[in-house]
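Step one of this worksheet: look at the structure below.
The values are calculated or read from the model by the stated rules, or taken from the named source; none is laboratory data. Values in this document were obtained by computation on a predicted structure and should not be read as measured data. Reconstructed Cβ throughout: ideal geometry from the backbone, glycine too, with neighbour counts over all protein chains shown. Each accessible area value is taken on the protein alone, full model and side chains, heavy atoms only, with ligands, DNA and RNA left out. Shrake-Rupley method; radii C 1.70, N 1.55, O 1.52, S 1.80 Å.
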Amino acid sequence: MVCAFQGWNDAGDAASGAVSFLASSLQANRFARIDSEEFFDFQANRPCIRFGEDGRREISWPTVEIFEARAPRAPRDLVLVQGAEPSMHWRAFGAHMVDLAEALGVQVVVSLGALLGDVPHTRPVSMSGHASDAALLQRLGIQPSSYEGPTGIVGVLHTACADAGLPAASLWAAVPHYVAAAANPKAALALLRRVEVLIGVSVDVSELESAAADYERQVGLAVQSDPDIQGFVERLEQAADTEGQDTGEDLPSGDILAREFQRFLRQRGREGK
């Protein structure tokens, strides 16, 4: 079972983008949907009105959808879970997902997330994560996360699975703080590559690779147009290249430069139009 949730856990839409791409590539079929009435605050996640094929107005409610997919040459079928992060009753939601996983014979639950970090867009995506046992952690091929602090539904679901004795792994990609508003296919690709190794699935990611290359090029052009942002990115690159060694320099405030960069991108977009 591979899970991703839009919202707090999903910087740059990287986690949800990875699962959506996986579902599309494997032509996954939806077979269930979580009842949104119990888990969503509709003032925080408002339903949307759309016109159906017959021209009638329909309400689309925020929800979590569950898909099944058969991957070529994979050892097992996949269950894909995606949707908005629930607003409430997280423990009950986690229990529902554990019950579903056990009923379907799921052997490992992989939750994906993405976080904002002081990382440059020009370097390989920084990955972190944790797992319920040492064997899974070794298969992840990354150092275990030492994070302590607020969590989202990804952390709650991972703990619920581990407490129930269901093997679980959580993968997180770091997204550049200074371009948080843009969808990040590069981070989505990095997450998907790890998922492939972890669960033995192989999909054609050429489309995602092309999107990642275009993302890096577009962000690079925007960065070059602003000397302050360019200097900030160069310092991040130096920090990444020295692998966290103390350079004796303090990085400028990421919050300030992120706001300035988003303002610059919006202005650039208006001028382009």
Residue set ILE153, ILE142; condition of a type outside the set (S, T, N, Q), modelled with pLDDT under 90 and in contact with a strand residue (DSSP E or B) (Cβ under 8 Å, 6 or more places away or on another chain); output residue ILE142
Check LEU137, LEU116, LEU100 and return the single one that is in a helix (DSSP H, G or I), touching a His at 6+ places or on another chain (Cβ under 9 Å) and either surrounded by fewer than 20 Cβ atoms within 10 Å (Cβ to Cβ) or polar (S, T, N, Q) (or both).
LEU137
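Results for (1) under 13 Å from ALA15 (Cα atoms); (2) assigned to a loop (DSSP other than H, G, I, E, B); (3) at pLDDT 95 or above, shown as yes or no for each residue.
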{"site": "ALA181", "(1), (2), (3)": "no, yes, no"}
{"site": "LEU191", "(1), (2), (3)": "yes, no, yes"}
{"site": "GLU196", "(1), (2), (3)": "no, no, no"}
{"site": "VAL203", "(1), (2), (3)": "no, yes, no"}
Could you grab the pairs with beta carbons closer than 9 Å, sequence gap of 6+ or different chains, first residue in the stretch 18-39 and at positive phi, second one among the charged types (D, E, K, R)?
GLN27/ARG70
Out of (1) under 19 Å from SER111 (Cα atoms); (2) modelled with pLDDT under 95; (3) open to solvent by less than 30 Å² (accessible area, probe 1.4 Å), the one LEU80 does not meet is (2)
Please verify whether the stretch 47-65 includes one or more residues that are modelled with pLDDT of 95 or more, over 20 Å from GLY155 (Cβ atoms) and under 23 Å from the mean Cα position of the chain (by Cα).
yes
Restricted to the stretch 1-27 and to residues being in a helix (DSSP H, G or I) and touching a Gly at 6+ places or on another chain (Cβ under 9 Å), the residue nearest to PRO185 (Cα to Cα) is ALA14
Pick from the stretch 4-44 the residues that are crowded, with 20+ Cβ neighbours inside 10 Å and among the polar types (S, T, N, Q): which of them is modelled with the highest pLDDT?
SER16
In the stretch 184-206, which residues are open to solvent by 60 Å² or more (accessible area, probe 1.4 Å) and touching a residue at least 40 places away in the same chain (Cβ under 8 Å)?
ARG194, VAL197, SER202, ASP204
Identify, please: which residue in the stretch 119-134 is small (Gly, Ala, Ser) and surrounded by fewer than 20 Cβ atoms within 10 Å (Cβ to Cβ) and is, among those, nearest to PRO167 (Cα to Cα)?
ALA134
